[in-house]
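Nothing in this text is a laboratory measurement; each read-out follows from the coordinates by a stated rule. Bear in mind the structure is a predicted one, so any value in this text is a computation, not a measurement. Every residue, glycine as well, gets a Cβ built from its backbone with ideal geometry; the counts of neighbours run over all protein chains shown.
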Amino acid sequence: MNATAWPTFRVTRLLDHIHFGWGWALAALGDATSSGSASAADEGADIEESRQGDPDAYRRLVERHQDHVARILWRFSRDRTVHEELVQDVFVEAYLSLHTYRKQAPFSHWLARIATRVGYRFWKERAKQKEVEPFSLAEWDQVAQDGDALQNLEANQAAELLHRLLHQLPPRDRLVLMLRYLEGCNVEETARRTGWTKTMVKVQALRARDKLKKLVERSGMELI
């Protein structure tokens with residue numbers, strides 16, 4: 001079918017399915033919906049004891065925050081083996097960097113920044129090796145031709161489809177789109193997670209959105 005004849009397909013409608021889609025996938029992995037809870041005093045004590053080399057204290061930190069970290073890393077890789085390795089990398093890096101944690105923000109926020117850095121590094125390494133997620137516009141065609149296709153699309157299928165679409169973009173563009181539009185981070189939170197300035201986040205988001213728009217326009221879809 002000629003791409004120009006395809007019905008308009010609003011990508012942002014697909015996004016409505018994505019949040020549930022990733023949640024569904026994590027549930028299949030046995031992930032919980034939230035990190036373990038602990039009092040600020042207990043959290044602080046475990047951090048200090050971990051800095052002193054107490055393995056049990058760090059184990060408690062890992063158990064408390066592993067679900068939170070796993071959810072973040074699932075955005076970067078949907079391969080279970082790779083995903084597990086990335087989660088492990090985050091906690092190894094966090095342990096080696098404990099001396100840099102200043103308690104100016106919750107420990108979970110600090111871990112989120114490390115997880116974002118680890119995931120972004122993974123994307124850049126994959127890009128250097130020119131490993132790209134397989135993607136066919138025929139899949140979009142199948143959805144676009146059927147007016148009820150989006151409603152009938154399983155949430156995990158929608159997540160998988162958009163995941164592979166975004167992997168056609170450079171890592172930097174993919175990162176800002178993921179944080180701003182999939183995780184719903186505002187400019188300030190995106191800047192904190194990436195280490196970029198707020199101005200850089202805004203500029204990068206505009207550029208990335210433009211690249212995504214050009215990508216989807218190839219199939220006669222619409223990005224709003």
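How large is the dipole of the range 44-84 about the Cα centre if only Lys and Arg carry +1 and Asp and Glu carry -1, each at its Cβ, rounded to the nearest 20 debye?
Its charge dipole is roughly 340 debye.
Within the straight-line cut-off of under 23 Å between alpha carbons, the lysines reachable from Lys103 are Lys198, sequence neighbours fewer than 8 places apart in one chain being disregarded. As a rough footprinting exposure proxy, the listed residues Ser50, Ser108, Ser39, Ser97 were ranked by other beta carbons within 10 Å of their own, and the order from fewest upward is Ser39, Ser97, Ser108, Ser50. You can think of it this way: the chain between Lys130 and Gln168 has 12.6 nm of extra reach, that is 0.36 nm per residue less the Cα-Cα gap.
A straight Cα-to-Cα reach below 17 Å connects Lys202 with the lysines Lys211, Lys213, residues fewer than 8 places away in its own chain not being considered.
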